[in-house]
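The values are calculated or read from the model by the stated rules, or taken from the named source; none is laboratory data. Model, not experiment: these values are computed from the prediction. So basically every Cβ, Gly included, is an ideal-geometry build from the backbone, and we count neighbours across all protein chains shown. Note: accessible area is taken over every heavy atom of the protein model, side chains too, but ligands, DNA and RNA are not part of it. Shrake-Rupley method; radii C 1.70, N 1.55, O 1.52, S 1.80 Å.
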Amino acid sequence: MAGSCATKIREPSQGRKAAALNDIFCAPQIAWSSLQRPDALLLRLVCNRSLANRLIIMSFDLDVLRIFLHVLAVTVWVGGQIVMAAMMPAIRGIESGDTRRAFPQAFQRVAWPAFGLAVFTGIWNILAIDMAAQTDSWNMAFGFKFLLVLISGGAAFYHSRTANPKLKGATAGIALLSALVAMFLGFGMTH
Ligand code: HEM
């Protein structure tokens, strides 16, 4: 049954009636997959039924979207900190305090939404994979990674609030280093 569903949908010449037929024809299979995968159900909730069915049958793998968003979020969080650190000597040379502060403030406007997206997609990751089926070393790596993510977020928050130059420098270093190790562990968990 699976083969015939997918083939049918990929023939655009079939037109709307045929596509609607496909939806009905494939519904039982899709319904079961939705039950198994909360994220497929999510897709069916956020877009109309026919689009959701097409995406699911055309093997639009939500794992691709989930991992893409997770990696995108963490590249902004980690990569952004690296770029800010590289730009800091030049920024410090700017006379006007307002202009100097404008750079980190601009970074924060993308960094914190990215951190939020990393947490949201991280939870989606947990929902989408069978955590119980993972090895002990995977669970240990995940636990350590999660701790490092909390440290990175906490240090970055403190860094943005403190006026003490020494503490600002130290917390910037902790935020970046812990995020880098979390990223390394993340790839270690999945590859
Ligand atoms: C700064 C924060 C974070 C960084 C740098 C990070 C980094 C990564 C990376 C690089 C991967 C591998 C992606 C791949 O190529 O497959 C990954 C996977 C994963 N992350 Fe994160 N992550 C962060 C936050 C989180 C949070 C907050 C959670 C949980 C709430 C989380 C849960 C997971 C899970 C469960 C996977 C495995 C996904 C899978 O096997 O499909 N991550 N993370």
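Some observations on this one:
- Of all residues in the stretch 139-159, none are part of a helix (DSSP H, G or I), within 16 Å of the ligand (Cβ to nearest atom) and in contact with a His (Cβ under 8 Å, 6 or more places away or on another chain).
- Single residue of 185, 176 found to be within 13 Å of residue 77 (Cβ to Cβ), hydrophobic (A, V, I, L, M, F, W, C) and within 12 Å of the ligand (Cβ to nearest atom): 176
- Restricting attention to the stretch 132-152, the residues that are under 30 Å from residue 163 (Cα atoms), open to solvent by less than 80 Å² (accessible area, probe 1.4 Å) and free of Cβ contacts under 8 Å to residues at least 12 places away in the same chain add up to 0.
- Just one of the listed residues (54, 49) is among the basic types (Lys, Arg), touching an Asp or Glu at 6+ places or on another chain (Cβ under 7 Å), over 20 Å from residue 126 (Cα atoms) and modelled with pLDDT under 95, namely 49.
- Within this structure, residue 172 fails the test of being surrounded by 16 or more Cβ atoms within 10 Å (Cβ to Cβ), assigned to a helix (DSSP H, G or I) and within 21 Å of the chain's Cα centre (by Cα).
- Residue 105 vs. criteria in a helix (DSSP H, G or I), surrounded by 13 or more Cβ atoms within 10 Å (Cβ to Cβ) and not β-branched (Val, Ile, Thr): no
- Residue check, residue 91 in contact (Cβ under 8 Å) with a residue 40 or more places away in the chain and either more than 24 Å from residue 185 (Cα to Cα) or out of contact with any helix residue (DSSP H, G or I) (no Cβ under 6 Å at 6 or more places or on another chain) (or both): no
- Test: residue in the stretch 153-165 that is at pLDDT below 95, open to solvent by 40 Å² or more (accessible area, probe 1.4 Å) and aliphatic (A, V, I, L, M): yes
- Considering residues of the stretch 175-191 that are of a type in the set (Gly, Ala, Ser) and over 13 Å from residue 153 (Cα atoms) only, the residue most open to solvent (accessible area, probe 1.4 Å): 188
- If you check 123, 129, 91, 82 for being assigned by TED's automatic domain parsing to the domain that holds residue 173 and either in contact with a Ser or Thr (Cβ under 8 Å, 6 or more places away or on another chain) or open to solvent by less than 40 Å² (accessible area, probe 1.4 Å) (or both), only one passes: 91.
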